[in-house]
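Enquirer: Got a structure for you, written out below as structure tokens; questions coming shortly.
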Amino acid sequence: MKSPLLSLPGAVPAEGVDEGVAAHYGDLFREQRALADGTGFVDLSHRGVVTVTGDDRLSWLHLLLTQHVSDLPTGQATEALILSAHGHIEHALYLVDDGETVWAHVEPGTQAELIAYLESMKFFYRVEVADRTAEFAVVHLPAGSIAEVPEGTVVRETSYGRDLFLPRADLEAYAEKAGPAVGILAYEALRVEQHRPRLGFETDHRTIPHELGWIGTAVHLQKGCYRGQETVARVQNLGKPPRRLVFLHLDGSEVHLPPAGTEIRVADEGPDGRKIGFVTTSVRHHELGPVALALVKRNVAVDAPLMAGTTAAAQETVVEP
């Protein structure tokens, strides 16, 4: 869906997965600073919105998700994954229950596949699953924001801000009150700074939750009975994941950022050294300069200087080896 806020002054459309909202509104670093200071809002109206209603909604989702949600308190935000039978990440859901309905926002374009899976698992449970993307837009307010939230709006509050499930018809009117508008690139820069993984960016077809630090935040280790749980338990109790998420400080003298997928090698091994990982997201941060998230092999020394393509990179540990 194309956001009406792309008509705001200075709006530059995002590309790729985030097509449909603004990449920025003319000043990327100003927009980052606004978010960091707790002002402005981010238009995330391209994300999918899925709801689950019915008396059995929490107990049913508890059987399918990696998170413990059977007793999820009303208004408490959480996040959860859906895994394949082999424990690979297929979906990431950002949830809140308003007392009658579970609301979730998901990556753009993934809601249809998610709903198809949920529908296939309904059986005799008293639940109804719906795609509400056409009716509701996700708007993000950063931590510390004092922007007014319209009465009756479902809010998902986290340590890094609030996600509003706003009626799509009210998006333009709300933007006039909650400004300044901040683009998705600024939101992504702060996400990278906070080491928060994103489905389809930090994940590939074989990613397991342990590699990204999603154990604890999106995976509850004291529950079972969900698809892929055997892999989660086995890796947690008997082994280590094959890869780990790292945060990279990139050489600031380079003009171009290494794009997602750029191969990473140990600097001491030279340009023909073995590939030990790849860049997942790279951004320019208003304080840190060029930085990135990357997946590397678990046994790479935590203090080893790296090369992301031709760009020198120093790593910070996100997931312990």
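Enquirer: Could you check Gly228 against (1) small (Gly, Ala, Ser); (2) under 21 Å from Glu188 (Cβ atoms); (3) surrounded by 17 or more Cβ atoms within 10 Å (Cβ to Cβ) and say which number it fails?
Expert: The single condition Gly228 does not satisfy is (2).
Enquirer: Can Ala304 be described as open to solvent by less than 30 Å² (accessible area, probe 1.4 Å) and either polar (S, T, N, Q) or in a strand (DSSP E or B) (or both)?
Expert: No; evaluated as a whole, the condition is false for this residue.
Enquirer: Okay, next question. Please state which of the following conditions Pro180 fails to meet, knowing it meets all the rest: (1) open to solvent by 40 Å² or more (accessible area, probe 1.4 Å); (2) within 30 Å of Glu151 (Cα to Cα); (3) modelled with pLDDT of 95 or more.
Expert: Against the list (1) open to solvent by 40 Å² or more (accessible area, probe 1.4 Å); (2) within 30 Å of Glu151 (Cα to Cα); (3) modelled with pLDDT of 95 or more, Pro180 comes up short only on (3).
Enquirer: Which condition from (1) open to solvent by less than 30 Å² (accessible area, probe 1.4 Å); (2) β-branched (Val, Ile, Thr); (3) over 18 Å from the mean Cα position of the chain (by Cα) is the one that Thr280 breaks?
Expert: (3)
Enquirer: Could you check how many residues of the range 42-56 are open to solvent by 30 Å² or more (accessible area, probe 1.4 Å) and among the charged types (D, E, K, R)?
Expert: 1
Enquirer: Separate question: Yes or no: the range 152-163 includes at least one residue that is of a type in the set (A, V, I, L, M, F, W, C) and either more than 26 Å from Ser59 (Cα to Cα) or out of contact with any strand residue (DSSP E or B) (no Cβ under 7 Å at 6 or more places or on another chain) (or both).
Expert: no
Enquirer: Only residues that are under 20 Å from Ala169 (Cα atoms), among the aliphatic types (A, V, I, L, M) and not in a loop (DSSP other than H, G, I, E, B): list them for the range 1-19, please.
Expert: Correct list: Leu5, Leu6.
Enquirer: If you don't mind, there's one more thing I want to ask. Do we have Ala22 as within 25 Å of Ala143 (Cα to Cα), assigned to a strand (DSSP E or B) and small (Gly, Ala, Ser) here?
Expert: Considered against the rule, which asks whether it is within 25 Å of Ala143 (Cα to Cα), assigned to a strand (DSSP E or B) and small (Gly, Ala, Ser), Ala22 comes out as yes.
Enquirer: Return the residue satisfying two criteria in turn: it lies in the range 59-76 and is polar (S, T, N, Q) and within 14 Å of Gln229 (Cα to Cα), and of such residues it is surrounded by the fewest Cβ atoms within 10 Å (Cβ to Cβ).
Expert: Restricting to residues being polar (S, T, N, Q) and within 14 Å of Gln229 (Cα to Cα), the top hit is Gln67.
Enquirer: Does the range 20-29 hold any residues that are of a type in the set (D, E, K, R) and in contact (Cβ under 8 Å) with a residue 60 or more places away in the chain, and which are they?
Expert: Matches in the range 20-29: none.
Enquirer: Would you confirm, using the coordinates I've provided, whether Asp43 is touching a strand residue (DSSP E or B) at 6+ places or on another chain (Cβ under 6 Å) and in contact (Cβ under 8 Å) with a residue 24 or more places away in the chain?
Expert: Against the criterion (touching a strand residue (DSSP E or B) at 6+ places or on another chain (Cβ under 6 Å) and in contact (Cβ under 8 Å) with a residue 24 or more places away in the chain), Asp43 qualifies.
Enquirer: Say whether the condition of being of a type outside the set (A, V, I, L, M, F, W, C), in a loop (DSSP other than H, G, I, E, B) and open to solvent by 40 Å² or more (accessible area, probe 1.4 Å) is met by at least one residue in the range 111-124.
Expert: no
Enquirer: Can you name the condition, by its number, that His256 falls short on among (1) open to solvent by 80 Å² or more (accessible area, probe 1.4 Å); (2) under 19 Å from Thr317 (Cα atoms)?
Expert: Evaluating His256 over (1) open to solvent by 80 Å² or more (accessible area, probe 1.4 Å); (2) under 19 Å from Thr317 (Cα atoms) leaves (2) as the failure.
Enquirer: Just one of the numbered conditions (1) on the phi > 0 side of the Ramachandran plot; (2) in contact with a helix residue (DSSP H, G or I) (Cβ under 6 Å, 6 or more places away or on another chain); (3) surrounded by fewer than 16 Cβ atoms within 10 Å (Cβ to Cβ) is not true of Pro4; which one?
Expert: (1)
Enquirer: Just one of the numbered conditions (1) within 24 Å of Ala143 (Cβ to Cβ); (2) at pLDDT below 95; (3) of a type in the set (D, E, K, R); (4) in contact with a helix residue (DSSP H, G or I) (Cβ under 9 Å, 6 or more places away or on another chain) is not true of Lys240; which one?
Expert: Failed condition: (1).
Enquirer: Please determine whether any residue of the range 104-126 is β-branched (Val, Ile, Thr) and over 17 Å from Leu199 (Cα atoms).
Expert: The answer is no, given that none of the residues of the range 104-126 is β-branched (Val, Ile, Thr) and over 17 Å from Leu199 (Cα atoms).
Enquirer: Return yes or no: is Thr311 touching a residue at least 24 places away in the same chain (Cβ under 8 Å) and either in contact with a Leu (Cβ under 7 Å, 6 or more places away or on another chain) or small (Gly, Ala, Ser) (or both)?
Expert: Against the criterion (touching a residue at least 24 places away in the same chain (Cβ under 8 Å) and either in contact with a Leu (Cβ under 7 Å, 6 or more places away or on another chain) or small (Gly, Ala, Ser) (or both)), Thr311 qualifies.
Enquirer: Turning to a different aspect of this structure: Quick check on this structure: which one of Ala22, Ala14, Ala34 is out of contact with any Pro (no Cβ under 7 Å at 6 or more places or on another chain) and buried (at least 19 other Cβ atoms within 10 Å of the Cβ)?
Expert: Selected residue: Ala14, the only one of Ala22, Ala14, Ala34 that is out of contact with any Pro (no Cβ under 7 Å at 6 or more places or on another chain) and buried (at least 19 other Cβ atoms within 10 Å of the Cβ).
The values are calculated or read from the model by the stated rules, or taken from the named source; none is laboratory data. Please read all numbers here as calculations on a predicted model, not as lab measurements. Here the Cβ is made from the backbone with ideal geometry for all residues, glycine too, and neighbour counts use every protein chain on show. SASA here: full protein model, heavy atoms, side chains in, ligands and nucleic acids out. Shrake-Rupley method; radii C 1.70, N 1.55, O 1.52, S 1.80 Å.
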